[in-house]
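Notes to accompany the following structure.
The values are calculated or read from the model by the stated rules, or taken from the named source; none is laboratory data. These figures come from a predicted structure and were not determined experimentally. Cβ coordinates were reconstructed from backbone atoms using ideal geometry, including for glycine residues, and neighbour counts include every protein chain displayed.
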């Protein structure tokens, strides 16, 4: 076979499905560029390519994207967590209650509240993981229950009202910028790199994939199944707490009934669009990063296009279905 034939064969053997997320991201961005240059009429979005708009897309995506990073590990291990939205409101609300016990100008009190929030998030994640692993409750049922519990508790403690912070230090963090990039974006990127390395360069990451791919074989390989399935829930609880801190410090309060609603859908959507298989066993942290930003770009395009907010949820639903269908086609 000639070199030209080998190259052609190699091209034919290129698996586009393995790069579908990156290709989709590139095509979506190109679409935004084309429409933004189309003109100033109803079909033109001249503001799409501005730095402020692009950075705002990533900033808005970071709140659910951070949660999606932890969700990626759970789904790879063969589980799911539907409680992340309610958990976000619960951890953020309880943290503000603690924060308000300190003087408004107390830096130490703010740091204590931040650490408390992270620990509380890990504890909530541990509760979910414990019910799934030790209690042998299906992840869908266990987290569906805690979704209702977390939301009910924070509404009860707050009287279903907004939980306002009186701190003068806490609201300085959320809206802050470093090198002209918002802090939530930096946190999103740092956690992406950390969890990417954790998944792909550690023994634990390999075990997570092994358990998700075939739990019985992993058990025969002397892998501690319960521990491997528990830790992703704890990590997700941590990422939920991080998101709660970023969001509540930005608006300096928590809406006990509204904040976090739909976050589970957004996080799972980012994971699925990023190429992680819902059946478990394989996935990508970088893919989830791109999936979250793609959702942010779609939302932004719909807003710039004047599409009704009621139809924006439908558009996200169609994207999720398309991503799952693509996975199904690739596994056949």
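Taking region 199-214 as the search range and keeping residues that are buried (at least 17 other Cβ atoms within 10 Å of the Cβ) and in contact (Cβ under 8 Å) with a residue 12 or more places away in the chain, which one is nearest to residue 232 (Cα to Cα)?
Within region 199-214, the first condition is being buried (at least 17 other Cβ atoms within 10 Å of the Cβ), and the residues that meet it are 199, 205, 207-213.
Subset that is in contact (Cβ under 8 Å) with a residue 12 or more places away in the chain: 199, 207-213.
On the way: 199: 11, 207: 12, 208: 9, 209: 12, 210: 14, 211: 12, 212: 12, 213: 15 Å.
Checking each candidate, the answer is 208.
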*For region 158-168, state whether one or more residues are part of a loop (DSSP other than H, G, I, E, B), surrounded by 16 or more Cβ atoms within 10 Å (Cβ to Cβ) and more than 23 Å from the chain's Cα centre (by Cα).*
yes
*Test each condition in (1) in contact (Cβ under 8 Å) with a residue 40 or more places away in the chain; (2) in a helix (DSSP H, G or I) for residue 278 and report the one that comes out false.*
(2)
*Does residue 249 satisfy the criteria of being surrounded by 23 or more Cβ atoms within 10 Å (Cβ to Cβ), over 15 Å from residue 84 (Cβ atoms), modelled with pLDDT under 95 and in contact with a strand residue (DSSP E or B) (Cβ under 8 Å, 6 or more places away or on another chain)?*
no
_Which listed residue, of 30, 35, is out of contact with any strand residue (DSSP E or B) (no Cβ under 6 Å at 6 or more places or on another chain), more than 30 Å from residue 156 (Cβ to Cβ), at pLDDT 70 or above and surrounded by fewer than 24 Cβ atoms within 10 Å (Cβ to Cβ)_ = 30
*Scan region 220-236 residue by residue and report those that are within 21 Å of residue 277 (Cα to Cα) and in contact with a helix residue (DSSP H, G or I) (Cβ under 6 Å, 6 or more places away or on another chain).*
225, 226, 228, 229, 230, 232, 233, 234, 235, 236
*Given the residues 156, 207, 170, which is the only one that is closer than 30 Å to residue 54 by Cβ and at pLDDT 90 or above?*
170
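Quick check: anything in region 303-312 assigned to a helix (DSSP H, G or I), farther than 21 Å from residue 197 by Cβ and touching a residue at least 12 places away in the same chain (Cβ under 8 Å)? Reasoning before the result, please.
Restricting attention to region 303-312, the residues satisfying the condition of being assigned to a helix (DSSP H, G or I) are 303-304, 309-312.
Cutting the leftovers down to farther than 21 Å from residue 197 by Cβ gives us 303-304, 309-312.
Retained after the next criterion (residues that are touching a residue at least 12 places away in the same chain (Cβ under 8 Å)): 304, 312.
Yes, because at least one residue in region 303-312 is assigned to a helix (DSSP H, G or I), farther than 21 Å from residue 197 by Cβ and touching a residue at least 12 places away in the same chain (Cβ under 8 Å).
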_It is to be established whether one or more residues within region 224-245 are at pLDDT 90 or above, under 30 Å from residue 156 (Cβ atoms) and touching a strand residue (DSSP E or B) at 6+ places or on another chain (Cβ under 7 Å)._
no
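Answer yes or no as to whether residue 66 is modelled with pLDDT of 95 or more, in contact with a helix residue (DSSP H, G or I) (Cβ under 8 Å, 6 or more places away or on another chain) and within 26 Å of residue 176 (Cβ to Cβ).
Working: modelled with pLDDT of 95 or more: yes; in contact with a helix residue (DSSP H, G or I) (Cβ under 8 Å, 6 or more places away or on another chain): yes; within 26 Å of residue 176 (Cβ to Cβ): yes.
The answer is yes for residue 66.
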*Quick one: count up the residues across region 169-197 that are loosely packed, with under 13 Cβ neighbours inside 10 Å, under 19 Å from the mean Cα position of the chain (by Cα) and part of a loop (DSSP other than H, G, I, E, B).*
0
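Which members of region 77-104 meet the condition of being closer than 30 Å to residue 272 by Cα and assigned to a helix (DSSP H, G or I)? Explain how you work it out, then say what you get.
Restricting attention to region 77-104, the residues satisfying the condition of being closer than 30 Å to residue 272 by Cα are 77-93.
Across region 77-104, the qualifying residues are 84, 85, 86, 87, 88, 89, 90, 91, 92, 93.
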*Quick one: count up the residues across region 134-152 that are part of a helix (DSSP H, G or I) and surrounded by fewer than 20 Cβ atoms within 10 Å (Cβ to Cβ).*
7
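How many residues does region 283-312 contain that are loosely packed, with under 14 Cβ neighbours inside 10 Å and more than 19 Å from residue 54 (Cα to Cα)? Show your work before the answer.
First pass over region 283-312, keeping only residues loosely packed, with under 14 Cβ neighbours inside 10 Å: 303, 305-306, 308-311.
Now narrow it down to the ones that are more than 19 Å from residue 54 (Cα to Cα): 308-311.
Within region 283-312, residues that are loosely packed, with under 14 Cβ neighbours inside 10 Å and more than 19 Å from residue 54 (Cα to Cα) number 4.
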